[in-house]
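Okay, structure first, notes after.
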Amino acid sequence: MKKGFTKLLCLLLTLCMAASLTACGGGGQTEETAGGGTGAAGEAADAGAESGDRSKTVTIALSENIIELDPHNGVTVINGAFNDMLFNALIRADHEGGYEPDLATEWESSEDGTEWTFHLREGVQFSNGEAFNADDVVCTYQRLIDDPTLAVASNNWSHLTGVEKVDDYTVKILLDQPIGTMLLAVASTYIIPNEAFEEMGTSLFYDQYMYGTGKWKMVEWVDGQYFNMVKNEYSWEENDSYFDEVDFRFVLEASTAINSHITGDVDAYIASGGISADMLSMYAGTEDQIEIIPVETSTIDYLQFQCEEGSPFADPDVRRAFSMAIDRQTIIDNVFGGGAIPIGIASENTMGYDPELTSDYYNYDPEAAKALLETTSYNGEPIVISSNVATTNAEAMLLAISENVNAIGFNTSIEVVEGATLLEKRSTGDYDCFIVAAMSTGGDLFSFATFRIQNDAHHSNYVNDELNSLIEQAAIDPDMDMRNDLYRQANEIIVEECAPMIGILTLEANEAISYGITGIQLASDGFFLFKDIDYDPSLVK
Amino acid sequence: MFWKFVLRRIGQTVIVLICVSIIAFLLIHIAPGDPARIVLGDSATDEMVEAYREKLGLDQPLYVQYFKYIGGIFKGDLGTSTSYQQPVAKIIFSRFPNTILLTLATVLISLVISIPLGIIAGVHQGKAIDFFAMLFAILGQSMSTVWLGVLNIYIFAVKLKLLPTIGTGGLEYLILPAITLGYPISAQVTRLGRSGMIDVLREDYITATLAKGIPSSKVYTKYAFKNALIPIITIVGMQLGVFLGGAVVVETIFSWSGIGQLTNQAVGNRDYAMVQSLLLVIAAAMAIINLLVDIINAKIDPRITLQ
Amino acid sequence: MEKEKLLEIKNLKVKFTTERAVSYALNGVNLTIHKGESLGLVGESGAGKTTTALSVLQLISKNGQYTDGSILYNGKELMGSAEKEMLPIRGHKISMIFQNPLTSLNPVFTVGEQIGMVLRQHLGMNQKQALERAKELLETVGIAAYRVNDYPVQFSGGMRQRVGIAAGIACNPELLIADEPTTALDVTIQAQILELMKRLQKEYSTSLLMITHNLGIISELCEKVAVMYAGRIIEYGTVQEVFHHPMHPYTEGLLGALPSLDSDKSELTAIPGTIANASNLPDGCRFHPRCVSCREQCRKQQPAMVQINDDHYVECFAHEGGTV
């Protein structure tokens, strides 16, 4: 009995380990099980619709934690979503390139673009009852002048020199030179209440008072768990949402979030960068209850070269050959399940987009690539393609690219490192080439072009005066159309030179929202806006 | 005798904690990656990064930074988190109770099942109950935590709709993560209980006790049990310590806001003050547990303090 | 007048089965102890003495099996009894003192508890009463009463053995089985323990089964002696008879192997060969391979027990002449 006992146990042990290893990889459900999911979930939705008593609280699962509460220092997509609900800026960006009045009703700039006057909306109050006027604007902008390390300041306001109160409802913002991104910058600067801020300083944020003029007000944030908001009764914009309460839950594990969505514990699952393609299959069978919404974003995965003297990529033909050898479409189809090929760094939803622009270097042509590479002096020097763990599907993408280019004569290997490590490497130029993802808020290429190209924040050592001058002008020119054209021209150079980076793909993000939940805006720049969230029972199936 | 032992152990614990604080400090400072750069982002110029490093005190020699940090501890100041921009102590202690709760629940659930199971299996070695106990144990030790966690959610939350999928806090949220974490320990303790019991039952003193006419049921549950318990307590104590360090995988899967996930996040952000303090807090928790385990063992087994 | 029989072991056979081999430990043991009698059971290590003792209490280890025989205690059959039936006998009517004092006490319980447990189990005492009585018993065996809450590790080997004895006599047993109680102790302690046992024997008139390989102890303490070899009793009788007129070549050898201060032997006689291997017993008389008087018959047949006189029995073809 004992020997048989042991053998049986060994067999079971092996089976178990095998089972858990295989199950570990995916997380997809089978047909049979998904059916059960529909049944249960369908019931839940029906119950709500029938009784007409759909809960007044809407629950949304987010894929990332919020860490920084300060609206002037937290600039992640999640921060953006929350700030947009709790606060207003003088102008509101629609994240598709458009801007509209928010706390300012009108504005004008001086001839030289260094002085902007904003006329403020009257009759607005913060959620603590404090009245909104020019003092609050002054307090807000002065803060950014005093502390340029605040993210909003360093990202947008390096040319901000002063802010002046003209009268209670008129404010002047002063710059030391004109900037082309003025509207975007203003839209990114949320107005905080001056009396409260003078009284308690940053405790206003960190002790969770968060008085703002937005449609919603903060109730509570518990680190790693949830962030609750309720209607702001002081809001100047009428908040007639069906929902009284918006409950954001931080769910870092995709399979768990999807399971929560299916069971009805949450009403939507919004993931930064979208829900991963191989996880979407978990939603199979819930088509009546949940809508999967694909968003073509302008978030771009790009590959940047180290172009300094002596590196293999100093030679433009080497870069071009590299680019031509990459089968972008196959990567899009097989690794990501969706997306588009950007020519250069501009894409359909960004500035500088030219639908007519084509380039041989962005066509997959291994023959031509190989021929081109042979004309160069590249002689099999080892090249490492780097990326970081935060980049979706980094490893698969790098492997595919590596195989592509190795097939035509390159000698590449790959590494995927921690975010902080890659940051360190980029800050000293210690890389051969790397791939990361970049977002362009509102489709404005200012941030990307100025920091990553003109300022060469990541030390690619590629210097092109014509390119830099185009970018510099685009940063200053107040005319949107002019800026658009300048970026278009800049992009042409980038495409032709394949430097300092080449575009690989733009991401298609899939988000999941239960039918009936309306008002969630999934912007093409990758941001989410929940301000107008509402409920329409007629949409529930 | 006993109290001397306790005092000596406390002294050792203090020394261990000091060493941990030094090692933790060195480790995070050696790792490549600059917290200033992480906080300030891509738009930061090199000058801005330098200025920020100065603001954080990172330009000073390591030993100065270390003693400043240690000095702060005695005032209850564990530093300021560069990612949260809030006091580290506040963030850690908002999450730590969740980890403690999960740890206690896990240990409780696993012990309640596995100690009796192991003991019974040991007493009835070779019989059906032994087989099932060993099956239970092997399954537990070969399952991947991720798989078990996701499976639990799938079965109990999605299919059976008995429990919620996500959340931190009360009993209903606690059950699935505690079972997921606890099963592998249950497995270990069952095996230990069983082998411990088998070893004990072989001892002369058990035969001698039976020869005194004590019923075997009493011998197993009282006179052999105490002896078999000793290795179990040691292992459970160790596991307890490990879990107090936060069970990252389970916390992530179940959205249980504990310090495991916090540590992960902090390391990724090179949040020096947070990482150092977390490591110290975790080490302190483990050291205290070890101390308690040693004290309990010393109470159970008098040979420890008397020999 | 024949004393009343207290314990009668008839044809007891025990085998142990391990993965490697089957060991025939007891091959037909016949033994009788009368009321108030002290019997020494002597033999080399591995002869089966401890197994015999454990068989009486029905406590042989799990891989052992009783293949034949009966054990009558006061006429009642013990063989095959369920635990429930054996409980009132163990520790109460029949007590056992174990060989190794270092391993026969539970290290994590106090000596008071280990004595008290028998008192509570069999005499119905409560915690307090048992403790008090345990103190008295400790005094009886020569240990200070205040040590009742100490742990075995705090005692020397000799003192631990005394604790074992105290637990053994706690309920005033009719039969005390002492399994090599002094083997693990040095000579001076040995003497103390023996003194103690003699005193107790006189005071309580307990029957004693003294298991030992030390003939000196037997002559000190016992009236009768049984010699065991390869799982059988091969000689039995009063100590006087057997020690002065040993019949079996094995017994002769044992006695001859004894050093003696007042004899004029210049060398010890060793018994040739090694003790029979219980997994591989020789045919016929188990002792024949080592026997100087071995004959043809011995190789093939197992001799039966024959009576030499009232006080002397032996199993040996060399002494076939006696009455059976």
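Observations on the model:
- Counting Cβ atoms of other protein chains within 10 Å of each residue's Cβ and taking the mean over peptide B:40-52 gives 5.
- Interchain or long-range residues, amide H under 5 Å from residue A:298's placed H: A:525, A:526
- Structure-based [θ]222 nm, chain C - -39500 (n - 2.57) summed over DSSP H runs of at least 4, per residue, nearest 500: -8500 deg cm²/dmol
- Within segment B:163-190: backbone nitrogen closer than 17 Å to the residue B:151 label point (7 Å, Cα to C-beta): B:176-188
- Residue among A:150, A:169, A:114 farthest towards the positive dipole end of segment A:88-200, charges placed on Cβ: A:150
- Centre separation in Å (Cα based) which lies between segment B:253-281 and segment A:207-248: 28 Å
- More than 22 Å apart - percent of Cα-Cα pairs taken over segment A:296-508: 45 percent
- Modelled this way, with points 7 Å down the Cα-to-C-beta line, the labels at residue A:281 and residue C:145 are 8.1 nm from one another.
- Amide H contacts for residue B:34 (H built 1.01 Å from N in the peptide plane; partners 5 or more residues away or on another chain; cut-off under 5 Å): A:424.
- Sorting B:125-134, C:101-110, C:293-302 by their mean Cβ neighbour count within 10 Å, with the most densely packed peptide first, gives C:101-110, B:125-134, C:293-302.
- The stretch between residue A:176 and residue A:314, if pulled fully straight at 0.36 nm per residue, gains 46.1 nm over its current Cα-Cα span.
- Net +/- balance of residues flanking residue C:241 in space, Cβ distance below 12 Å, scoring K and R +1, D and E -1: -3
- Neighbouring partner chain Cβ atoms per residue of B:197-206, average, 10 Å criterion: 3
- Once you reduce segment C:188-239 and segment B:172-244 to the center of their Cα atoms, the two points are 41 Å from each other.
- Karplus-based coupling profile of segment C:168-173, in residue order and whole Hz: x, 8, 3, 9, 6, x, with θ = phi - 60° in 6.51 cos²θ - 1.76 cosθ + 1.60 and x standing for Gly or Pro.
- Environment charge at residue A:269 (Cβ cut-off 11 Å; Lys +1, Arg +1, Asp -1, Glu -1): -2
- Residue C:302-residue B:23 FRET efficiency (beta carbon distance; Förster radius 51 Å; 0.05 resolution): 0.10
- Dipole magnitude (debye, nearest 20) for chain A, charges at Cβ of Lys, Arg, Asp, Glu: 2180 debye
- Label sites at residue B:112 and residue B:59, each approximated as a point 7 angstrom past Cα along Cα to Cβ, lie 5.8 nm apart.
- Our note on the geometry: Cα centres of segment A:116-195 and segment A:427-486, 26 Å apart.
- Taking all Cα pairs closer than 8 Å and separated by 6 or more residues, the relative contact order of chain B comes to 28 percent.
- Calculated FRET value between residue C:292 and residue C:220, using beta carbons and R₀ = 25 Å, to 0.05: 0.30
- Directionally averaged shadow of the protein assembly as shown, computed from the convex hull of its alpha-carbon atoms, nm²: 63.1 nm²
- Pairs of Lys residues in chain A, spaced 8 or more positions apart or belonging to different chains, with C-alpha separations under 22 angstrom: 10 in total.
- From phi via Karplus (6.51, -1.76, 1.60), per-residue ³J(HN,Hα) for segment A:122-137 in Hz, x at Gly/Pro: 9, x, 9, 10, 7, 6, 9, x, 4, 7, 8, 7, 4, 4, 5, 5
- Rounded if a/c under 1.5, otherwise prolate or oblate - segment A:88-200, Cα gyration tensor axes: rounded
- Taking Lys and Arg as +1 and Asp and Glu as -1, the other residues whose beta-carbon sits under 14 Å from that of residue A:63 total -2.
- Built from the Cα atoms of segment A:118-165, the convex hull projects on average onto 4.0 nm², one quarter of its surface area.
- Bridge type composition, the protein assembly as shown - antiparallel percent by DSSP, nearest 5: 70 percent
- Qualifying trypsin sites (Lys or Arg not before Pro) in segment C:1-41, DSSP loop, other Cβ atoms within 10 Å at most 10: C:20
- Zone of residue A:374's modelled label, taken as backbone nitrogen in segment A:389-410 under 14 Å from a point 7 Å along Cα→Cβ: A:408-410
- Placing +1 on the Cβ of every Lys and Arg and -1 on the Cβ of every Asp and Glu, with nothing else charged, gives the protein assembly as shown a dipole about its Cα centre of roughly 11800 debye.
- Note that segment C:57-62 has calculated 3J(HN,Hα) couplings of 8, 6, 10, 5, 5, 4 Hz, one per residue in order, obtained from phi through the Karplus relation 6.51 cos²θ - 1.76 cosθ + 1.60 (θ = phi - 60°); glycine and proline are x.
- Here each label is just a point 7 Å from Cα along the line to Cβ, and for residue B:198 and residue A:461 those points are 6.5 nm apart.
- Sequence-distant residues sharing a close amide H with residue C:97 (under 5 Å, placed H): C:177, C:178, C:179
- Partner shielding of A:257-266 amounts to 5, given as the average count of beta-carbon atoms from other chains within 10 Å of each residue beta-carbon.
Every read-out reported here was derived from the displayed coordinates using simple, explicitly stated rules and does not represent laboratory data. Keep in mind that this is a model prediction, so the values were computed, not measured. Ideal geometry is used to build each Cβ from the backbone, glycine not excepted, and the neighbour counts take in all protein chains shown.
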